[in-house]
Amino acid sequence: MIMALSGRRIDSSDADEARFPLGNVGRVSRAVEALLSTNGVMVLVSSAACGADLIGLSEARKLGVRQRVVLPFSRERFRTESVVDRPGEWGALYDMIVDDVGAKGDLVIMAETTGIDPYAAANSVILDEAAAMGQERHDAVVAVMVWDGTPRGDPDYTADFGAEARKRGLKLLELNTR
């Protein structure tokens, strides 16, 4: 099975509403590990933001599951804007995973363009990459949303990922971050 994953980032320290508290990382990690194991996932396609993405990639790595990482722009900019700007020690994990997938040819860095939301575009590329790998391997593709279950307004990249996966006819699974 090929799994496309997207989800919430860790809440900022001044978040008005808890969507993915840092204290829930252990529980969510165990749920992701179980999902990967019980579904026989061979490839995980995701971005690499702090929270759901890095948890998914880390658990896949521990299980020997191939990881493909999609970044909407340079790895340095992404690290600054989507990894180390929230509580937790995410930087070293990000660096290790991105270095590893890059060395294996599984790092996709999208070209920066104007007028297109880079995060929305990355969601589409994640689903495209998963679909292409599924076709290539003659394997099923499933999408996973790791989130609190409540859209937060526009934009909500996790909700949008789920909507796009449904539109493409993919089976969609959800793991709760609260």
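Quick one: longest stretch of the chain between exposed loop GluC sites (Glu not before Pro), exposed meaning at most 12 other C-beta atoms within 10 Å and loop per DSSP? It runs 18-88. Starting from the amide H of L173, placed 1.01 Å from N in the peptide plane, find each other amide H under 5 Å away whose residue is 5 or more places distant or on another chain. Distant-sequence amide H within range of L173: A143, V144, M145. In order along segment 111-119, phi translates into HN-Hα couplings of 6, 6, 10, 9, x, 10, 5, x, 6 Hz, rounded to whole numbers, per the Karplus curve 6.51 cos²θ - 1.76 cosθ + 1.60 with θ = phi - 60° and x for Gly and Pro.
Please compute the net charge surrounding Y94, taking Lys and Arg as +1 and Asp and Glu as -1 over other residues with Cβ under 13 Å from its Cβ. Before the final figure, lay out each step's value.
Numbers: positive: R9, R61, R75, R77, R79, R86; negative: D53, E76, E81, D85, E89, D95, D99, D100.
Around Y94, the surrounding residues sum to -2.
Calculated from the structure at hand, log10 I(q)/I(0) by the Debye sum over Cα atoms at q = 0.12 Å⁻¹ is found among [x] -0.57; [y] -0.63; [z] -0.48 as [z]. Across segment 55-63, computed HN-Hα scalar couplings (Karplus, 6.51 cos²θ - 1.76 cosθ + 1.60, θ = phi - 60°) run 5, x, 5, 5, 5, 4, 4, 4, 8 Hz from first to last residue, x flagging Gly and Pro. Here the simple spin-label model places points 7 Å from the Cα toward Cβ, and for Q135 and N176 these points are separated by 3.7 nm.
The fewest-to-most ranking of D53, D100 by surrounding Cβ atoms within 10 Å reads D100, D53.
The local environment of D11, defined by Cβ-Cβ distances under 11 Å, has a net charge of +1 under the rule Lys, Arg +1 and Asp, Glu -1.
Any read-out appearing in this document is the output of simple, stated calculations on the displayed coordinates, not a laboratory observation. Predicted, not measured: the structure shown is a model, and the values here were computed from it. A quick note on method: Cβ atoms are made from the backbone with ideal geometry, for glycine too, and the neighbour counts reach across all protein chains shown.
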